[in-house]
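The values are calculated or read from the model by the stated rules, or taken from the named source; none is laboratory data. Everything numeric in this text was worked out from a predicted model, so none of it was measured. Cβ placement follows ideal geometry from the backbone for every residue including glycine, while neighbour counts extend to all protein chains displayed. Just the protein is used for accessible areas: all its heavy atoms, side chains included, with ligands, DNA and RNA removed. Shrake-Rupley method; radii C 1.70, N 1.55, O 1.52, S 1.80 Å.
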There are 2 protein chains.
Amino acid sequence: MAETPARQIADDLRARIKSGDLAPGTRLPGEPALVRQYGVAKQTAANALKLLIAEGLASARPGSGTYVREFKLIRRSATERLSRGRRASGGSVWAADVEERPLEVDALDVREAPAPEWVAEALDLSGDDTSVLVRSRRYVVDGEPVQLADSYLPAALVRGTRVAEPDTGPGGTYARLAELGAEPVDFTEELRARMPDRDEAEALSQPPGTPVIEILRVALTADGRPVEVNRMLLDAGSYVLDYRFGG
Amino acid sequence: MAETPARQIADDLRARIKSGDLAPGTRLPGEPALVRQYGVAKQTAANALKLLIAEGLASARPGSGTYVREFKLIRRSATERLSRGRRASGGSVWAADVEERPLEVDALDVREAPAPEWVAEALDLSGDDTSVLVRSRRYVVDGEPVQLADSYLPAALVRGTRVAEPDTGPGGTYARLAELGAEPVDFTEELRARMPDRDEAEALSQPPGTPVIEILRVALTADGRPVEVNRMLLDAGSYVLDYRFGG
DNA sequence: AAGTGGTCTAGACCACAGA
DNA sequence: CTGTGGTCTAGACCACTTA
């Protein structure tokens with residue numbers, strides 16, 4: 001494996017970051033500084049910084065500098081959040097989710113629409129009314145967007161109920177579903193990690209080169225009826241996911 | 001958002017990929033071809049291709065060309081593999097991309113070593129013997145490495161048993177642990193997605209710009225004793241993870 | 001031997017941040 | 001206004017694949 005100048009510079013900086021010499025939030029030596037110190041072309045210095053950015057160790061702020069990235073991880077405990085008992089105590093589903101910083105809803109859109117094909121399949125929709133209620137939210141932490149979520153529910157089930165309003169009330173959507181005799185008790189989550197496309201990266205204001213986690217959750221009632229599909233897109237750099245199972 | 005030449009070229013190619021005009025496995029127009037067609041510098045053509053690679057849509061084979069990436073997803077159902085008594089397996093939302101192919105062990109290393117700090121903590125090791133048995137494996141599909149796994153077990157528990165041998169016999173490590181009176185029945189998995197460092201990318205022979213999923217699993221006996229820590233590193237482009245819970 | 005991606009130098013212009 | 005990262009052109013050499 002060739003040890004190119006750009007890689008050498010990146011190695012040096014990486015070592016200084018990991019040793020703590022360059023603390024999170026610190027401004028890294030910029031391109032001009034690297035050009036002077038290492039006697040390379042500006043492009044090469046830029047490439048070295050891009051390597052660190054691609055590893056998720058740094059992020060660039062154009063016009064200002066390149067900074068050691070701060071890792072403020074959010075722990076998302078899927079199993080504990082959604083298991084029965086924990087949720088009955090009122091408060092949003094997300095209350096138990098965050099470590100310190102509050103997760104806030106930044107943008108909310110509620111609308112009715114025809115179900116995309118994969119949603120119709122997951123919700124087992126057929127016949128006349130294949131329309132769904134879509135609740136789209138964006139979550140922010142410290143003003144930084146970290147998650148997008150689109151929740152799909154059968155319109156025939158929730159039309160005209162509180163679920164179709166922006167504020168679903170105490171306990172959230174799932175509590176309202178329970179009142180409708182459709183309490184979700186079983187969940188499946190399918191999960192992928194990939195690179196975001198440009199729109200997604202923009203919506204999460206992610207620096208290019210950092211991945212996202214895509215989660216598809218299907219919520220089922222006790223008799224196995226699917227009542228909600230939730231597609232989530234997480235900034236991978238902000239999250240640790242947690243699953244517990246067995247017994 | 002600036003629409004630079006490189007982005008324009010990438011947009012064109014992306015559209016042709018998504019439309020199926022450029023099928024998976026196809027060779028993309030190379031740098032020289034793009035230079036001619038678009039009248040740009042070689043670097044700019046290279047940057048356009050790098051954008052697609054960073055999105056996971058293509059991968060470069062130096063000396064040969066840049067190719068539309070094939071998505072053959074492996075489905076990993078954590079809950080069903082490890083739990084006793086299973087529910088029916090529903091269809092995957094990404095079913096179209098999922099393929100059933102055998103996962104083979106490519107490289108195996110078994111050794112005894114002092115426990116890294118985080119392992120000692122997870123395994124609740126203290127006192128005299130903090131050494132662990134480490135079983136390192138690499139898994140391949142169709143000759144392509146897709147997963148690395150390092151399993152750590154308390155040496156005091158498994159030293160001299162079949163668990164310490166390369167071939168652990170029918171049922172694997174967990175069956176042997178059960179025979180030792182330490183059957184794992186509860187599991188926690190912590191999961192992150194991030195960019196691989198250079199060593200990891202090489203071990204998984206990943207094109208730079210594609211993420212990995214890191215999983216830390218702790219296996220507990222019925223009385224809550226941790227008996228195994230497993231650190232897995234998956235090629236994110238090859239996997240869909242599946243969790244089921246509730247009830 | 002020809003073609004490919006990978007990387008480098010050298011020099012240029014731009015948009016934007018911050019004092 | 002100065003310094004920053006972002007991107008471009010133009011030209012060069014290398015290691016590798018493929019035939």
Among the numbered criteria (1) in contact with a Pro (Cβ under 6 Å, 6 or more places away or on another chain); (2) within 12 Å of chain B (Cβ to nearest Cβ); (3) touching a residue at least 40 places away in the same chain (Cβ under 8 Å), which one does A:VAL119 miss? (1)
Kindly establish whether A:LEU22 is within 15 Å of DNA strand C (Cβ to nearest atom) and surrounded by 15 or more Cβ atoms within 10 Å (Cβ to Cβ). no
How many of the residues in segment A:13-34 are part of a helix (DSSP H, G or I) and either more than 14 Å from chain B (Cβ to nearest Cβ) or in contact (Cβ under 8 Å) with a residue 24 or more places away in the chain (or both)? 8
Do any strands (runs of 3 or more DSSP E) entirely within segment B:161-247 hold 3 or more residues that are more than 11 Å from the chain's Cα centre (by Cα) and free of Cβ contacts under 8 Å to residues at least 40 places away in the same chain, and if so, which? B:186-194
Of the residues that make up segment B:171-191, is at least one of a type in the set (Gly, Ala, Ser) and either within 7 Å of another protein chain (Cβ to nearest Cβ) or within 16 Å of DNA strand C (Cβ to nearest atom) (or both)? no
crowded, with 18+ Cβ neighbours inside 10 Å and either touching a Lys or Arg at 6+ places or on another chain (Cβ under 6 Å) or at the interface with chain B (Cβ under 8 Å from one of its Cβ atoms) (or both): does that describe A:LEU220? yes
Would you check which residues across segment B:58-73 are touching a Leu at 6+ places or on another chain (Cβ under 8 Å) and either more than 8 Å from DNA strand D (Cβ to nearest atom) or not in a strand (DSSP E or B) (or both) and list them? B:ALA58, B:ALA60, B:THR66, B:TYR67, B:VAL68, B:ARG69
Inside segment B:35-50, can you point out the residues that are open to solvent by 60 Å² or more (accessible area, probe 1.4 Å) and either part of a helix (DSSP H, G or I) or near DNA strand C (Cβ under 8 Å from one of its atoms) (or both)? B:ARG36, B:GLN37, B:TYR38, B:LYS42, B:GLN43, B:ASN47, B:LYS50
Looking at A:ARG244, A:ARG231, can you tell me which residue is in contact with a Leu (Cβ under 6 Å, 6 or more places away or on another chain), at negative phi and open to solvent by 30 Å² or more (accessible area, probe 1.4 Å)? A:ARG231
Would you call B:VAL141 open to solvent by less than 10 Å² (accessible area, probe 1.4 Å) and without any contact (Cβ under 8 Å) to a residue 60 or more places away in the chain? no
Just to be sure I understand, how many residues within segment B:25-34 are open to solvent by 40 Å² or more (accessible area, probe 1.4 Å) and not basic (Lys, Arg)? 3
Meets criteria (buried (at least 16 other Cβ atoms within 10 Å of the Cβ) and within 30 Å of B:TYR239 (Cβ to Cβ)) for A:ARG198: no
Among the residues of segment A:39-55, is any at positive phi and more than 10 Å from DNA strand D (Cβ to nearest atom)? yes
Would you mind finding the one in B:VAL119, B:VAL146 that is assigned to a helix (DSSP H, G or I), crowded, with 20+ Cβ neighbours inside 10 Å and not hydroxyl-bearing (Ser, Thr, Tyr)? B:VAL119
